[in-house]
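The values are calculated or read from the model by the stated rules, or taken from the named source; none is laboratory data. Since we're looking at a predicted model, the values are computed, not measured. Note that we place each Cβ from the backbone using ideal geometry, even for glycine, and neighbour counts take in every protein chain shown.
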Amino acid sequence: MSATTAAPAAGEPNEEPRIVMMPPANVPPADPDIRERTGSAYLKSYHEDLVPDIAKNGVLVPLIVTMIAGVMRLIDGETRRRAALEVGLKEVPVYVIDGPVDESDLEIIQHKLNKKRLKMTMPEEAAFYLRTMKAKGWSQAKLCRELVLDPSQVNKLLRALSDLDKTLFEKLGKGESQISLRAGYALCDAPKEKQADFADMYLLGEWSIQTLEQKCRIAGGKKAKEEPEQTLKGDGWKLIFEPRKYDVALKEAPAALKKWKDSPAA
């Protein structure tokens, strides 16, 4: 085994990890193994997704083990260990923690090692941030520093967790029919009894994100933001619209342009 970086002290998962390369057969199986491994969904994902991926790319996310009194214990990565053995990998990356680790520290380590490959939804991310701050006694600023997070994104997620209607909060995401983080953050300004109706107007395309932000601010008793003059420009023409009427203007623009083209002045 050859260490690549220094090991973190027990209970201090924010230090640089010590990652070593070792044969997967040298890593003991998880004990106890609490995951149910006989279900059809698990077996399908394991054989059709994970095994082919590891055969092609190797293990990209390190296994996590603790070392206590010279005894190694696998605490994360049993499925990857099994797949590595199945495809015959000679070595896998292993993150070694000297000493015991509690649940909150393990979750932080998993997030750091697997950040780019985590498939957490926005609601799951928000819940993770809140759990971590409570468990570690961290402020929001410290959470962002320790996990190298965008403070603006974290602030918006935690505001949504606190102020957004629960049903709408579960719809946060980047997919079709989902509510973007910017929209979710805007909806927090509106009273909860109006949030669902406002969200529908946005999702149906009746309101742009700018209009949603203004409507929510006004409904919540805040002053509407000043907006710059909105324009549509083309070859030799320019239409100018009043602020907060850009949505309507976009719908009416084709007819307005046709009327202008057909006029004697054109």
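Here is how the numbers come out for the structure above:
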{"item": "Residue in region 86-93 that is within 16 Å of MET21 (Cβ to Cβ), hydrophobic (A, V, I, L, M, F, W, C) and assigned to a loop (DSSP other than H, G, I, E, B) present", "result": "yes"}
{"item": "Scope region 54-81; condition of a type outside the set (Gly, Ala, Ser), assigned to a helix (DSSP H, G or I) and surrounded by fewer than 18 Cβ atoms within 10 Å (Cβ to Cβ); matching residues", "result": "LYS56, ASN57"}
{"item": "Filter result (within 26 Å of the chain's Cα centre (by Cα) and modelled with pLDDT of 85 or more) within region 1-34", "result": "ILE19"}
{"item": "Checking PHE128 against (1) out of contact with any Asp or Glu (no Cβ under 9 Å at 6 or more places or on another chain); (2) assigned by TED's automatic domain parsing to the domain that holds LYS156, the condition it does not meet", "result": "(1)"}
{"item": "Output for region 146-196, where each listed residue is touching a strand residue (DSSP E or B) at 6+ places or on another chain (Cβ under 9 Å) and aromatic (Phe, Trp, Tyr)", "result": "PHE169"}
{"item": "Selected residue (criterion: farthest from the chain's Cα centre (by Cα)) from residues of region 175-201 that are hydroxyl-bearing (Ser, Thr, Tyr) and surrounded by fewer than 22 Cβ atoms within 10 Å (Cβ to Cβ)", "result": "SER177"}
{"item": "Per-region count, region 139-174, residues outside any helix (DSSP H, G or I) and buried (at least 17 other Cβ atoms within 10 Å of the Cβ)", "result": "5"}
